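Novice: Sending over a structure as structure tokens; questions will come in a sec.
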Amino acid sequence: MKVRRALTAMIGAAALLGVSACGGDDDPLADDGGSGGGDKGSLVISGQDFTESEIMAEMYDQVLSAEGYDVEQKLVDTRDIYFDQLSKGGVDVVPDYLAGIGDYLNTQANGPDAKPITTNSPDESLDAIAPLAEDAGITLLQPAEATNQNGYAVTEDFAKDNDLETLSDLGKLDQPITLAAASDCKDRMDCAKGLEKVYDIEIDKVLPLGFGGAPTRNSVKDGESDVGQFGTTDPTVEEAGLVFLEDDKGLQPAQNLTPAVNTEFLESHADLADTLNELSAQLTTDELMKLNQQAGSERKAVPDVVTDYLNESGLK
């Protein structure tokens, strides 16, 4: 998770508060090959301002613009800013991660020590979150297959030498493991604590080098660490000659990309659900990783990357 800076949050909140979720301006893309062909009013998309979230926001923007919506993107720093506005109607649509949504709504409703309600199953998680989302004035649409969970990677040589394919295999090695990970990993059930409890992996040391990123990659590549923590859609893992070990016991909660929509807005724009659900039905984890690679490592413009994907997949 990103560090929450008070000043950034205040600026982001101010920006969102200035956004109106209503309006009837003509959609500039409506006559430019859009399948909708008409003006369906204005729509505000928000989310977090990092590459993968930018890609998802741009996807939603392009498919909804093609359907006749006049779309504006307002990406900010933290979930608490845009979810507050999603509930109030200052934001209409957000692409977000399923368990992340559940954790946020659960702690908002039941306090910071609330027992987690999500599991590794997207369907179970969606059912558990639905009542909290309803109370907040939010509707969750169909989760995509694409998911960005915590993943744990080792070098290809380490995996080959020890016949490793899963985290269970790593636990069976019965040897001390040095883990490069986020600074809060040690006491998290989805990190060191869970790896020890669920997989019987002996975490001898946690090096707080960050969630993914060059320091963690280099630590694993150079043999300083045995295992590194990364997002499962991070293309730099494979580029660095590392491989993910399968989470075969389902330790990680479902973090499928899920459209969250202001319920009142959705009631008057029911067609939006069909459009975003069609996108979710096609988007896979491998495809999202490739898009991240194009926008990240290859430094292609996010709108161009998204346009190519939507055209190739027949979604635009």
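A quick yes/no check of all residues on (1) modelled with pLDDT under 95; (2) within 20 Å of the chain's Cα centre (by Cα); (3) assigned by TED's automatic domain parsing to the domain that holds ALA295; (4) not in a helix (DSSP H, G or I):
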position: MET56; (1), (2), (3), (4): no, yes, yes, no
position: VAL63; (1), (2), (3), (4): no, yes, yes, no
position: GLY68; (1), (2), (3), (4): no, no, yes, yes
position: TYR82; (1), (2), (3), (4): no, yes, yes, no
position: VAL91; (1), (2), (3), (4): no, yes, yes, yes
position: VAL94; (1), (2), (3), (4): no, yes, yes, yes
position: THR107; (1), (2), (3), (4): no, yes, yes, no
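Novice: Taking the options THR139, THR147, name whichever one is under 18 Å from the mean Cα position of the chain (by Cα), among the β-branched types (Val, Ile, Thr) and within 19 Å of GLU238 (Cα to Cα).
Specialist: Sole residue among the options that is under 18 Å from the mean Cα position of the chain (by Cα), among the β-branched types (Val, Ile, Thr) and within 19 Å of GLU238 (Cα to Cα): THR147.
Novice: Out of (1) touching a helix residue (DSSP H, G or I) at 6+ places or on another chain (Cβ under 8 Å); (2) assigned to a helix (DSSP H, G or I), what's the single condition that is false for ALA114?
Specialist: Tallying (1) touching a helix residue (DSSP H, G or I) at 6+ places or on another chain (Cβ under 8 Å); (2) assigned to a helix (DSSP H, G or I), ALA114 fails exactly one: (2).
Novice: Run down ASP49, ASP96 and say which single residue is among the charged types (D, E, K, R) and either touching a helix residue (DSSP H, G or I) at 6+ places or on another chain (Cβ under 6 Å) or touching a residue at least 40 places away in the same chain (Cβ under 8 Å) (or both). Break it down into steps so the answer makes sense when it comes.
Specialist: Values: ASP49 fails: either touching a helix residue (DSSP H, G or I) at 6+ places or on another chain (Cβ under 6 Å) or touching a residue at least 40 places away in the same chain (Cβ under 8 Å) (or both).
Only one candidate passes the filter, namely ASP96.
Novice: Just checking, does segment 254-275 include any residue being in contact with a Phe, Trp or Tyr (Cβ under 8 Å, 6 or more places away or on another chain) and under 24 Å from ALA180 (Cβ atoms)?
Specialist: For segment 254-275, residues in contact with a Phe, Trp or Tyr (Cβ under 8 Å, 6 or more places away or on another chain) and under 24 Å from ALA180 (Cβ atoms): present.
Novice: Among the numbered conditions (1) farther than 15 Å from ALA181 by Cα; (2) over 20 Å from the mean Cα position of the chain (by Cα), tell me where GLN293 comes up short.
Specialist: (2)
Novice: Considering only segment 62-93, how many residues are among the acidic types (Asp, Glu) and either buried (at least 22 other Cβ atoms within 10 Å of the Cβ) or without any contact (Cβ under 8 Å) to a residue 40 or more places away in the chain (or both)? Please lay out each step first, then the result.
Specialist: Taking segment 62-93 and keeping what is among the acidic types (Asp, Glu), we get 67, 70, 72, 77, 80, 84, 92.
From the residues that got through so far, the ones that are either buried (at least 22 other Cβ atoms within 10 Å of the Cβ) or without any contact (Cβ under 8 Å) to a residue 40 or more places away in the chain (or both) too are 67, 92.
The total comes to 2.
Novice: If you take the residues of segment 125-157 that are of a type in the set (Asp, Glu) and either touching a Gly at 6+ places or on another chain (Cβ under 9 Å) or in contact (Cβ under 8 Å) with a residue 12 or more places away in the chain (or both), which of them is surrounded by the most Cβ atoms within 10 Å (Cβ to Cβ)? Write out each step before concluding.
Specialist: If we filter segment 125-157 for residues that are of a type in the set (Asp, Glu), which is where we start, we get 127, 134-135, 145, 156-157.
After this cut, where a residue has to be either touching a Gly at 6+ places or on another chain (Cβ under 9 Å) or in contact (Cβ under 8 Å) with a residue 12 or more places away in the chain (or both) as well, the list is 134-135, 145, 156-157.
Working: GLU134: 13, ASP135: 12, GLU145: 16, GLU156: 13, ASP157: 11.
Checking each candidate, the answer is GLU145.
Matching residues to (1) in contact with a His (Cβ under 9 Å, 6 or more places away or on another chain); (2) farther than 30 Å from VAL94 by Cα; (3) not small (Gly, Ala, Ser):
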site	(1), (2), (3)
THR139	no, no, yes
ASP163	no, yes, yes
GLY171	no, yes, no
ILE177	no, yes, yes
VAL220	no, yes, yes
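Novice: Also, quick follow-up: Please go through segment 237-279 and give me each residue that is crowded, with 16+ Cβ neighbours inside 10 Å and of a type in the set (Gly, Ala, Ser), ordered by number.
Specialist: Passing the criteria: ALA240, ALA254, ALA260.
Novice: Hey, among the residues in segment 210-236 that are of a type in the set (A, V, I, L, M) and crowded, with 24+ Cβ neighbours inside 10 Å, which one's farthest from ASP184 (Cα to Cα)?
Specialist: VAL220
Novice: Enumerate the strands (runs of 3 or more DSSP E) found wholly within segment 122-216, keeping only those where 2 or more residues are at pLDDT below 95.
Specialist: Qualifying strands (runs of 3 or more DSSP E): none found.
Novice: Restricting attention to segment 273-283, does a residue exist that is closer than 30 Å to LEU195 by Cβ and aliphatic (A, V, I, L, M)?
Specialist: yes
The values are calculated or read from the model by the stated rules, or taken from the named source; none is laboratory data. Predicted model only: the values in this text are computed from it and were never measured. All Cβ positions, glycine included, derive from the backbone under ideal geometry; neighbour counts span all protein chains shown.
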